[in-house]
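Enquirer: Take a look at this one; I'll ask things after.
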Amino acid sequence: MEESQEGSIEEPPVEDLAASFRQSRKEFWFMVMTWVAFAAWTLGFNFLFAKGEEGEAVEVVFGMPKWVVFGIAIPWMIALGLTIWFAMFYMKDTDLGHTDEEYANEKGDA
Amino acid sequence: MALISFGIYLAFVFLLALLANRVGKSKSFVSEYFLGSKSIGLWAFALTYAATAASGGSFMGFPSLIYTHGWVLAWWIAGYMVVPMIALGLLAKRLNQVGRIAGAITIPEMLRHRFSSQMVGNLATFLVVFFMFFFLMAQFKAGAEIMATLLEGVPVYQKLVVGVESATAGMPWIGNAKADYLLCLIVFAISVIVYTTFGGFRAVVWTDVMQGIVMGIGVVVMLVLVISQVGGLGNATRQLDEMTPPKFVSVTIASEAPVEEDLRLPRGEWLLVKGGHEVIRLGSAATIPAKGEVSAPVDALLITTPAERDRVKRRIDADLKITASMASEPEGYAYGEDKKGVYVHAPGPHRINPAGFLGVMLALSFFAFWNFSGAGQPSYMVRQMAFRDTPTLRRSMVMVAFYFSLIYFPLVIIFTCARILLPGMEIYPDRVMPEMATVLTQNAGVPWLAGLLVAAPFAAVMSSVDSFLLLVSSGVVRDIYQESINPKASEKQIKRLTYIVTVSVGVLGVFAVLHPPEFLQDLIVFASAGLGACFLMPMIFALYWPRTTPAAMAAGMGSGGLVILILYLIGYLQTKEFQEYRLFDLHPFIWSVVVSTLCLYFVSRSTPAISITLRERFFGKEQK
């Protein structure tokens with residue numbers, strides 16, 4: 001099964017790569033940056049405000065502690081909106097190749 | 001009533017397996033059985049993914065953590081806000097495409113073709129089977145425990161337990177298992193093994209859809225009931241702010257009136273402490289001997305919040321002339337003892353850790369863990385190889401985003417409120433979910449609904465265990481037997497072997513978990529961290545970097561798994577418990593990702609690149 005290393009390549013030029021691969025890679029980096037942004041928000045905000053002041057009553061907003069609303073609930077809703085936008089508008093459709101059913105149907109047609 | 005709910009539920013599961021078996025009959029066995037012919041549509045793909053992700057941990061372990069540590073669990077689980085995008089989107093499109101180019105059914109097979117290397121495929125198979133078996137054990141245990149809780153008090157079940165106890169008495173290994181647990185384990189395992197063996201991947205996906213719907217409905221119903229019963233969420237949060245963690249104490253129990261014969265008090269019984277001011281809850285059963293003597297010392301929980309104490313006092317039978325006396329000094333939490341506000345602020349109370357439950361570094365670890373460990377799980381990857389087309393993927397992402405928002409954040413609300421309705425659950429926190437279901441429905445005057453609500457965690461466990469079972473058997477049949485032992489095996493041979501292996505793996509899992517480990521959730525985290533460590537970075541490199549070499553893949557997978565094993569071993573040597581060692585307070589998963597990434601990059605750079613033919617096949621303009 002091992003293939004010969006003859007004709008092996010180093011970094012292939014970008015123009016030699018499939019467009020679908022390049023699009024997937026672009027989407028990959030968008031997702032990584034999204035994670036970084038939301039991690040920074042929740043970790044940064046909650047690091048500063050989730051501990052609360054000793055002896056002070058909890059501040060309640062919409063029934064929850066204030067830090068939960070601004071440090072988790074609101075970014076969660078924004079993340080939900082961003083996921084919808086990403087899935088419906090940013091992510092591109094790609095021809096993935098044949099499913100097994102399609103192969104079987106093609107064989108049947110032939 | 002619970003038994004009827006279960007009967008109906010299991011009947012549906014078997015019906016779906018039967019239908020799946022009929023649908024799949026006309027198709028190639030291997031592809032159909034392990035991957036549903038790669039034609040899974042929107043609802044099925046979204047819900048099978050979500051249901052597999054929401055395992056027993058989400059519905060048993062997570063609620064118990066929320067109950068014990070309070071609102072800080074919202075931060076602990078916050079990473080789930082981007083999980084649908086990251087875990088579903090990071091690899092899915094490329095994985096599905098590369099899987100089709102390679103003509104692969106399993107993850108190891110896909111890697112074998114991608115690198116044209118038997119060694120890479122074999123190593124991947126070994127790692128999947130090794131870590132997945134821990135998952136399987138954990139889910140079997142969780143399923144049996146839920147069933148035991150649900151059936152407790154059902155007369156037929158109690159009779160069966162007695163029967164099992166006498167039948168297995170004296171048997172080596174089996175005889176030492178608790179009879180109720182053994183009975184539930186066997187029933188649970190048989191159900192899952194039968195429908196998985198019979199229906200294959202399609203049955204697993206279809207039952208996942210049903211289980212996903214049950215979980216969603218269960219959470220929404222509980223949320224509505226709990227908010228109305230605590231007098232609004234704001235009221236619950238303010239009450240929680242006044243609470244202080246309980247203390248642990250040893251007590252002796254005596255009866256004021258003489259008892260004629262031994263009096264047994266069950267675990268969970270509430271009692272007044274002599275003097276009538278304090279209340280305790282028994283952490284284990286106690287017996288008051290006849291003739292007015294006191295019981296031997298037993299563990300108990302001392303309630304420390306005045307309002308909570310008053311509520312409990314009203315529930316204690318005034319005519320019960322039994323009181324407890326403290327036999328030891330009450331032991332408080334290492335973080336949070338006598339401190340108000342710990343349940344509504346970070347880091348949350350902790351019994352052992354003086355720094356509290358969740359520091360910022362651990363919060364960072366979990367924010368990464370939920371997303372990237374999730375993306376790196378072979379059980380999710382194999383689903384990502386099965387969706388029909390990219391519109392299915394995109395719409396599923398939206399659906400899963402709504403679904404996870406509907407499940408995880410509401411669970412935090414439900415089980416922070418649980419502290420108000422169910423005091424003293426620290427004696428068995430893993431039972432907080434079924435107990436809450438019972439209490440909420442009884443208070444609302446709809447006890448029949450408890451069956452459906454408890455079916456939610458059961459569904460979660462079932463939908464996970466079937467996927468793991470299939471993954472382990474596909475590893476053995478497809479990746480070991482068909483690839484390495486008998487490549488020319490006929491479809492009939494493969495079919496027979498697949499059934500045998502699925503049943504054997506299931507039976508082996510049952511035997512392994514007859515005496516289950518104490519820390520179920522730790523086992524789940526270990527297995528998912530191990531799989532994520534072995535596959536996340538190697539898969540990212542394999543799919544997105546053409547320069548990755550077979551040697552680098554082996555180094556990346558091996559080093560990731562090894563780091564997890566080493567850090568768990570150090571943790572075990574330090575604590576003598578199944579616990580990880582957190583270097584700089586970061587979870588081992590983070591370190592494994594770092595080491596694996598470095599190995600992948602540097603080994604790729606220092607070993608010969610793959611052939612042009614191979615690169616063109618998977619990355620070139622004319623992908624085929």
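All of the numbers you see were taken from the coordinates with simple rules; none came from a lab. Predicted model only: the values in this text are computed from it and were never measured. Reconstructed Cβ throughout: ideal geometry from the backbone, glycine too, with neighbour counts over all protein chains shown.
Enquirer: Under a Cβ-Cβ cut-off of 10 Å, what is the net charge of the residues other than B:E337 that fall near it, where Lys and Arg count +1 and Asp and Glu count -1? Don't jump to the answer; show the numbers that get you there.
Expert: Details: positive: B:K247, B:K339, B:R351; negative: B:E331, B:D338.
The answer is +1.
Enquirer: B:E165 to B:S250: extension gain in nm, 0.36 nm per residue of separation minus the Cα-Cα distance?
Expert: Details: separation 85, 0.36 × 85 = 30.60 nm, distance 3.12 nm.
Gain on extension, B:E165 to B:S250, equals 27.5 nm.
Enquirer: Right, here's the next one. Please report the Cα spread of the protein assembly as shown along all three principal axes, rounded to whole Å, starting with the longest.
Expert: Principal-axis extents of the Cα atoms in the protein assembly as shown, largest first: 91, 59, 47 Å.
Enquirer: Where in chain B are the DSSP H helices whose alpha-carbon span along the long axis reaches 18 Å or more and whose Kyte-Doolittle mean is at least 1.0?
Expert: Numbers: long enough: B:2-24 (33 Å, 1.95); B:118-151 (49 Å, 1.54); B:155-168 (20 Å, 0.48); B:179-229 (43 Å, 1.78); B:390-421 (46 Å, 1.37); B:449-474 (38 Å, 1.79); B:491-512 (31 Å, 0.85); B:520-544 (35 Å, 1.70); B:550-575 (38 Å, 1.40); B:588-606 (27 Å, 1.31).
For chain B, where a helix must reach 18 Å along its axis and average at least 1.0, the hits are B:2-24, B:118-151, B:179-229, B:390-421, B:449-474, B:520-544, B:550-575, B:588-606.
Enquirer: Separate question: Above 25 angstrom, tally the Cα pairs of region B:364-517 and express them as a % of all pairs, no decimals.
Expert: Details: 6378 of 11781 pairs.
Everything past 25 Å amounts to 54 percent.
Enquirer: Let me ask something else. Region B:246-326: Rg/Rh from Cα coordinates, Kirkwood Rh?
Expert: 0.95
Enquirer: Residues of region B:587-624 with the amide nitrogen closer than 17 Å to a label point 7 Å from the Cα of A:E15, along Cα-to-Cβ, please.
Expert: B:620-622
Enquirer: What fraction, in whole percent, of alpha-carbon pairs in chain B exceed 33 Å separation? Don't skip to the answer; put the middle values down first.
Expert: Numbers: 93549 of 194376 pairs.
I get 48 percent for the Cα pairs in chain B exceeding 33 Å.
Enquirer: Now for a different question. Can you tell me the order of B:368-381, B:430-443 when each peptide is scored by its average per-residue count of other Cβ atoms within 10 angstrom, highest first?
Expert: Values: B:368-381: 24.0, B:430-443: 21.4.
Per-residue mean Cβ counts within 10 Å order the peptides as B:368-381, B:430-443.
Enquirer: In addition: Where does the charge balance sit around B:F415 when Lys and Arg score +1, Asp and Glu -1, over other residues with C-beta under 14 Å from its C-beta? Show your work: numbers first, answer last.
Expert: Working: positive: B:R419, B:R431; negative: B:E426, B:D430, B:E435.
Local charge sum for B:F415: -1.
Enquirer: What is the sum of charges around B:Y568, taking Lys and Arg as +1, Asp and Glu as -1, for the other residues whose C-beta is under 12 Å from the C-beta of B:Y568? Mind showing how you got there, number by number?
Expert: Numbers: positive: B:R582; negative: B:D522, B:E577, B:E580.
Within the 12 Å Cβ shell, the charges total -2.
Enquirer: Continuing with this model, one more query. Mind checking the full-extension length gain between B:K492 and B:T575? Use 0.36 nm per residue of separation minus the Cα-Cα distance, one decimal, nm.
Expert: On the way: separation 83, 0.36 × 83 = 29.88 nm, distance 5.06 nm.
Full extension from B:K492 to B:T575 adds 24.8 nm.
Enquirer: Sorted from fewest to most neighbouring beta carbons within 10 Å, what does the list B:I480, B:I322 look like? Kindly include the intermediate steps, with their values, before the conclusion.
Expert: Details: B:I480 17, B:I322 20.
Fewest-to-most ranking of B:I480, B:I322: B:I480, B:I322.
Enquirer: Here's a follow-up. Would you please name the GluC sites (Glu not before Pro) within region B:524-617 that are DSSP coil residues with at most 14 other C-beta atoms within 10 Å of their C-beta? Before the final figure, lay out each step's value.
Expert: Details: sites: B:E577, B:E580, B:E616; in loops: B:E577, B:E580.
Here the sparse-neighbourhood loop sites are B:E577.
Enquirer: Turning to a different aspect of this structure: For B:F511 and B:E152, what is the calculated FRET efficiency with R₀ set at 22 Å and r taken between the beta-carbons, to the nearest 0.05?
Expert: Values: r = 25 Å, r/R0 = 1.12.
Efficiency, from the Cβ-Cβ distance: 0.35.
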